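Notes for the one structure printed next.
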Amino acid sequence: MRVSSGQRIPVVVQSRGRRRAGARALWVGAETVVTCGVVVLLLVVHQLWWTNRQARAEALQQVRVLEREWDISPPVPTPTPAPDSGGSSSTGTPPREAAAPSAAPTRRPAAGAAVDRSDPAPSAAFAVLRIPRLGLTVPVARGISKRSVLDKGYVGHYPGTAAPGRTGNFALAGHRNTHGEPFRYVNRLVPGDEVSVRTRARTYVYRVDQILRQTAPRDVGVVRAVPRSIVKPSYGYDEPGAYLTLTTCTPEFSSAYRLVVWAKLVR
């Protein structure tokens, strides 16, 4: 075929620059997605592994410190005074409910009883909680602040509730997931399981009695002196006693509800 000198053959030129720019944009986008995924994965690892490891180590170290101090410097027994001719001895008098930690009055101990001379500051550990079924040993500190108590892997003592071993409700809170998660498996407790609380003065033993598997966060009745759920009134008690309450979030990795375990003092 002949082509006249005045005609031009059309030539199709591919835009290589545009293709390269598109490929580069796709590569940058893929890198961004992968980087974001790695960052999210690291955050998950930090929350689920590192915070647990760090908090558990700190909590166990605090337990060792407390018990070493108690073993070195045990409580000093109070001398038994001569009995009054006009009244009975105070030995054996049932303990009274403790007031709020921030305003607790000074009480004279029962005659012959061990004196707990420790006066822990707010957020300081003052007891050790043990749950044999769960293999749990954890310090108990005043208050339920996340930053200064719960996130350190400790169990927190609700302000205003009773002291260990006293008449009333010794109410505790703990994380179920992350930051040591001391109450991760409290759902495995069953009635009859024993829970001990050691202080400088002595060790108290409670026995699990009731379990409220789920209630609302606003259910303040569960930590009252005579605990009873205001959401599910069939759970709880009608008479004063020496109670222990364990509370945590449920279901796992959620704070939608609360799980509650109640125990009674046996010795």
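What does the extension gain come out to for Gln214 and Ser254, with contour length at 0.36 nm per residue minus their alpha carbon separation? Can you show the working numbers first?
Working: separation 40, 0.36 × 40 = 14.40 nm, distance 1.23 nm.
The span from Gln214 to Ser254 would gain 13.2 nm if fully extended.
Sort 192-202, 149-159 by the packing proxy (mean of other Cβ within 10 Å over each peptide's residues), most packed first. Can you show the working numbers first?
On the way: 192-202: 18.3, 149-159: 23.5.
For the peptides 192-202, 149-159, the packing ranking is 149-159, 192-202.
Which of the three applies to region 195-256, rounded, prolate or oblate, going by the alpha-carbon gyration tensor with a ≥ b ≥ c and a/c under 1.5 meaning rounded?
oblate
For region 126-200, just say rounded, prolate or oblate: build the C-alpha gyration tensor, square-root its eigenvalues into a ≥ b ≥ c, call rounded for a/c under 1.5, and beyond that prolate if a/b exceeds b/c, oblate if not.
On the way: a/c = 1.64, a/b = 1.01, b/c = 1.61.
The shape class here is oblate.
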- [ ] Grab the beta carbon distance between Val65 and Asp238, set R0 = 41 Å, and tell me the FRET efficiency rounded to 0.05.
- [x] 0.50
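Taking 35 Å as R0, compute the FRET efficiency from the Cβ-Cβ separation of Arg267 and Ala57 and round it to 0.05. Before the final figure, lay out each step's value.
Working: r = 32 Å, r/R0 = 0.91.
Once the sixth-power term is evaluated, E becomes 0.65.
Here, each number is a calculation from the coordinates, and none is a lab measurement. None of these values were measured; they are calculated from a predicted model. Using ideal geometry, Cβ is built from the backbone for each residue, glycine included, and neighbour counts are taken over all protein chains shown.
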